[in-house]
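Starting off with a structure, shown below.
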Amino acid sequence: MMDYAADCSFTVQNLASRIDFFIFAHLSGYVVKALLLRHAGLVWFISIMWEITEMAFMHLLPNFAECWWDIIFLDILLCNGGGILIGLYLCKKLEFKSFHWASIKDIRTAGGKIRRIFMQFTPVSWTKVRWTECGSPFSRFCAILFLIFVFQMIELNIFFFKHIFVIPSSHPVLFIHHMILIISSAPSLRQYYLYVTDRNRQRIGTQFWFFIANTFTETLFVLKFGKDLFKEIDLVYLVAWLLIQVGLSMVAVFLIVYMAKPGAVSGRFGKRRRRHTPGSAGNDSLDLEQVEELHKHLRDSSADESDGGRPTLSRRRLRSRDRPATSS
């Protein structure tokens, strides 16, 4: 096992010695996190909090010990930052991509059939997420705090498993474990997001409950088989880590919610950007009630057209509401 804190002199030779396969694994991990969370503030905060977690537990896990320039330049800026930028760039591209699904039997060319096979592993559609928005209730604030805590526990469980059961990083079991986490976390996060953001939902999906149960079961395994290891834990570090986690998480989530408020983000030259609220003209997003009302009007209007009659009053109101407001 390489000792990353053996020589902390900031030289080109030491910097080059840290470039290995784990750089790619670290970067690709944050690409996946950005694709799952789709929120720059949340992913950046989780990445910084993980570096604090490493410093708090490096007396138990020696591979957590790193040099200051390794943490800042390689971990936070290169791996975390690069992965987040790539992931968010892919999210932005997928948001504006049109997905055209056709049966492979209807495709005549061999190249088209091959592309369709690879498209089978891509999402059916891509939705822009809004973890925070103006008027978010306190329950959503607590839900995001819980999400940050779960991400920290998942990462810690992986490294404790490797240390307690002496599993090398190149072992295929770790790769399979990572793939299962990625595959199961995608629908779990989607179900959790829908429950957190949609006030009409009363229950969370079963996939999310299974994911949480699996995470806490892994934590129990770590506590059971790492009894000798945890006897050496420094309670000062543990308490400090918990306080920092709770304190910084509350501050970060508050700032994220504040930045989501209309006019909270200052633009260039100090001018405030105008953000459209759900009821303002020119807004490109509708809330759930507006979407349901729109669908109802469209169904009424389609029924009127099928009868050959004139548009009803509700349809004329819908058309007038869609027109931009004119100043008198």
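Take K231, project a point 7 Å from its Cα along the Cβ direction, then tell me which residues of segment 147-186 have their backbone nitrogen under 20 Å from it.
Answer for this model: 160-161, 163-166.
HN-Hα J couplings of segment 51-59 from phi, Karplus 6.51/-1.76/1.60, θ = phi - 60°, integer Hz, Gly and Pro as x?
5, 5, 5, 4, 5, 6, 10, 6, 6
For Y4, what accessible area in Å² do you get when you roll a 1.4 Å probe over the heavy atoms of the protein chains, rounding to the nearest 10?
40
Label-point separation (nm) for L242 and S184, each offset 7 Å from Cα along Cα-to-Cβ?
2.6
Take T219, T11, T109, T53 and sort them by solvent-accessible surface of the protein heavy atoms, 1.4 Å probe, largest at the top.
Ranked from most to least accessible, the order is T109, T11, T219, T53.
With every protein chain present, what accessible area does H177 have (1.4 Å probe, heavy atoms only), rounded to the nearest 10 Å²?
50
Which of the three applies to segment 1-100, rounded, prolate or oblate, going by the alpha-carbon gyration tensor with a ≥ b ≥ c and a/c under 1.5 meaning rounded?
Since a/c reaches 1.5 and a/b is larger than b/c, the shape of segment 1-100 is classed as prolate.
Where a ≥ b ≥ c are the square roots of the eigenvalues of the C-alpha gyration tensor, would you call segment 182-254 rounded, which needs a/c under 1.5, or, failing that, prolate if a/b is larger than b/c, or oblate?
Taking the square roots of the gyration eigenvalues as a ≥ b ≥ c, segment 182-254 is oblate.
Give me the net charge of F160's neighbourhood, meaning all other residues with Cβ under 15 Å from the Cβ of F160; Lys, Arg count +1, Asp, Glu -1.
Once positives and negatives cancel, what remains is -1.
What's the FRET efficiency of I176 with L78 using the Cβ-Cβ distance as r and R₀ = 30 Å, to the nearest 0.05?
The value I calculate is 0.65.
For I84, I180, give the ranking by accessible area with the largest first, probe 1.4 Å.
I180, I84
Note down the nm distance, to one decimal, between modelled labels 7 Å out along Cα→Cβ at I19 and at K92.
The modelled label-to-label distance comes out at 2.7 nm.
Report the gain in length on full extension from H59 to L220: 0.36 nm times residue separation, minus Cα-Cα distance, nm rounded to one decimal.
55.9 nm
The values are calculated or read from the model by the stated rules, or taken from the named source; none is laboratory data. A quick note: this is a predicted structure, and the numbers were derived from the prediction, not measured. With ideal geometry, Cβ positions are generated from the backbone for all residues, glycine too; neighbour counts draw on all protein chains shown. Each accessible area value is taken on the protein alone, full model and side chains, heavy atoms only, with ligands, DNA and RNA left out. Shrake-Rupley method; radii C 1.70, N 1.55, O 1.52, S 1.80 Å.
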